[in-house]
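What follows is a short report on a single structure.
The values are calculated or read from the model by the stated rules, or taken from the named source; none is laboratory data. No experiment lies behind these values; they were computed from the predicted model shown. Glycine also receives a Cβ, built like all others from the backbone with ideal geometry; neighbour counts cover every protein chain displayed. Keep in mind that these areas ignore ligands, DNA and RNA; they rest on the heavy atoms of the full protein, side chains included. Shrake-Rupley method; radii C 1.70, N 1.55, O 1.52, S 1.80 Å.
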Amino acid sequence: MADRPLAGRTVIDLTTALSGPYATLLMAGLGARVIKVENPLTGGDTSRNNAPYLGAEGLSLARHGEDDMSVSMLLRGRNKQSVTLNLKHPEAREILAGLVRTADVMIDNYSAGVMARLGIGHDWASAINPRIVCTSISGFGAQGGPGSGKAMDTIVQALSGVMMTAGAPGEPPVRFGLPVGDLVAPLYAVIGTLAAVLRADATGQGQHVDVSMLGTLTSMVACEPFDAYEKLGLPMRTGMTVPRLAPFGTFAAADGWFALCGPTDAFARSLFAAMKHDDLAADPRFASRDARVANAGELHELVGSWAADRPLAVVLDLLARHGVPAAEVREPGAAVRDPLVLEREEVVPLEHPRHGRPADLYGTGVPIRFSSCEAALDRPAPALGENNAEIYGGLLGYSEDELTTLAEKGVI
């Protein structure tokens, strides 16, 4: 751990579900000591109760053994330490204050206003440790949002506009299969947190970092000039192809799908050569980029007809030999087993803390390679409260008797 970029940094993790835990997972993989604080009265992080579960007998949709652990927690809890603490108990703040004194960062993903109501917001934490960076990930930001201010990924996808960027005109909105709102916000949260830590190193003063799921996802939608498309009468939703970049899109071969990207004159000529239709390069409909865009429907129909009765392997081989950017559309299970991403540890095997690998499962790694240090998710997820003695006893100095009393009172 000593040679990892965030070695020596301590993060108090007050997060649950996905957006917050993914942020702290990345920081743990970068070498920070992440102390995950979980509510003992509710069974801890909500993802501990997400089916499926992994145990000695493999995967199941219901728990069969005491040490069965949800795959969600196996994935999101790696490289972290777990302590239990009931933040609503009057005595909890004193214990949390002890953790704050040792920490560089405290991260939460509660709805706006919850930290303040619990009395553990940035003002409280900075009075204890002026250098601490407090990061909040919420649906709509610190000021709150519509209705209750609570947000789930699908709600954020709907409000961000992203659902209307996929699919074809006139089709129903398309929910992205990945929970993109829950996954984009933590990336920005980590960027903001590390920037604030660097600032605290320089000034001795921490700050509050406020990241919203809606804001981050909508910001990414705004990276594409959809306003301009609308003003010019271009369709914002184009289905499986992108007419303004033609030839560009996904197409069906006889036994599978492939993606093709040929927006330049050179790529287009190479595609025509692969199709054994070099004459198309001189066809006024396809001879220039603007002409191909104007006649995208015809061009994409030609590509689709050419590929439809050919085996996928033959199509990809022809395109590769002619230098056309193209690739098979993979199933997720095949994608996460790509030897390249496994070699680079961008995807890594998942292990149960007691039973190893009774199922062939893979999860996210740290998809960043460093030239003079390392990053890895190489320790299994902890059981609920597994590190109470180590953290509360070893780090904060509570005796065994004190810990027993705190447990009996429902504090930890």
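Quick look at the values:
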quantity: Cα long-axis angle, helix 180-203 against the chain (0 to 90 degrees, to the nearest 10); calculated: 60 degrees
quantity: Counted charge near residue 142, where neighbours are those whose Cβ lies closer than 14 Å (Asp, Glu -1; Lys, Arg +1); calculated: -2
quantity: Modelled FRET efficiency - R0 41 Å, residue 360 with residue 221, Cβ distances, 0.05 increments; calculated: 0.70
quantity: Length-normalised contact order for region 215-316 - Cα pairs under 8 Å, 6+ apart - percent; calculated: 28 percent
quantity: Prolate/oblate/rounded call for region 1-113, Cα gyration tensor, a/c under 1.5 rounded; calculated: oblate
quantity: Sum of side-chain charges, residue 315 neighbourhood, beta-carbon under 12 Å (Lys, Arg +1; Asp, Glu -1); calculated: -2
quantity: Long-range HN-HN contacts of residue 38 with modeled amide H, under 5 Å; calculated: 83, 84, 85
quantity: Distance between modelled label sites at residue 342 and residue 64, nm, 7 Å Cα→Cβ extension; calculated: 2.6 nm
quantity: D (Stokes-Einstein, µm²/s), Kirkwood Cα radius, the chain, 1.002 mPa s at 20 °C; calculated: 88 µm²/s
quantity: Most to least packed among 121-127, 221-227, 151-157, 9-15 [average Cβ atoms within 10 Å]; calculated: 9-15, 151-157, 121-127, 221-227
quantity: Carbon and sulfur %, accessible surface of region 230-304 computed with the full protein complex present, 1.4 Å; calculated: 59 percent
quantity: Highest-MSF residue in the chain out of 29, 98, 323 [GNM, Cα springs under 10 Å]; calculated: 323
quantity: Amide hydrogen neighbours beyond the local backbone of residue 256, cut-off 5 Å, H modeled; calculated: 312
quantity: Separation in nanometres of the label points that stand 7 Å from Cα toward Cβ, at residue 407 and residue 128; calculated: 2.2 nm
quantity: Separation of the residue 234 and residue 308 label points, Cα + 7 Å toward Cβ, nm; calculated: 2.8 nm
quantity: Nearest-ten-degree value, helix 19-29 long axis tilted from longest Cα axis of the chain; calculated: 80 degrees
quantity: Largest-first principal axis extents, alpha carbons of region 217-345, Å; calculated: 44, 43, 23
quantity: Reachable lysines from residue 36, criterion Cα separation under 25 angstrom, eight or more residues apart if same chain; calculated: 80, 88, 150, 409
quantity: Fraction of accessible area attributable to carbon and sulfur, region 312-395 (%, probe 1.4 Å); calculated: 52 percent
quantity: Potential lengthening between residue 265 and residue 282 on full extension [0.36 nm per residue; Cα-Cα distance subtracted]; calculated: 5.0 nm
quantity: From phi via Karplus (6.51, -1.76, 1.60), per-residue ³J(HN,Hα) for region 380-385 in Hz, x at Gly/Pro; calculated: x, 5, x, 5, 4, x
quantity: Å² per residue, accessible surface of region 192-274 at 1.4 Å; calculated: 49 Å²
quantity: Where the Cα pairs of region 184-272 fall when distances are cut into 10 Å bins, in %; calculated: 14, 25, 23, 19, 14, 5, 0
quantity: Cα-centre dipole for the chain with unit charges at Cβ (Lys and Arg positive, Asp and Glu negative), debye to 20; calculated: 620 debye
quantity: With Cα atoms, 0 to 90° folded angle of helix 92-102 axis to the chain main axis; calculated: 70 degrees
quantity: FRET E, pair residue 289, residue 372, Förster distance 30 Å, beta-carbon r, rounded to 0.05; calculated: 0.10
quantity: Gained length - residue 49 relative to residue 327, 0.36 nm times residue gap less alpha-carbon distance; calculated: 96.3 nm
quantity: Percentage of interatomic Cα-Cα distances in region 253-412 larger than 22 Å; calculated: 65 percent
quantity: Computed [θ] at 222 nm, helices only, for the chain once each DSSP H run of length n ≥ 4 contributes -39500 (n - 2.57); calculated: -10000 deg cm²/dmol
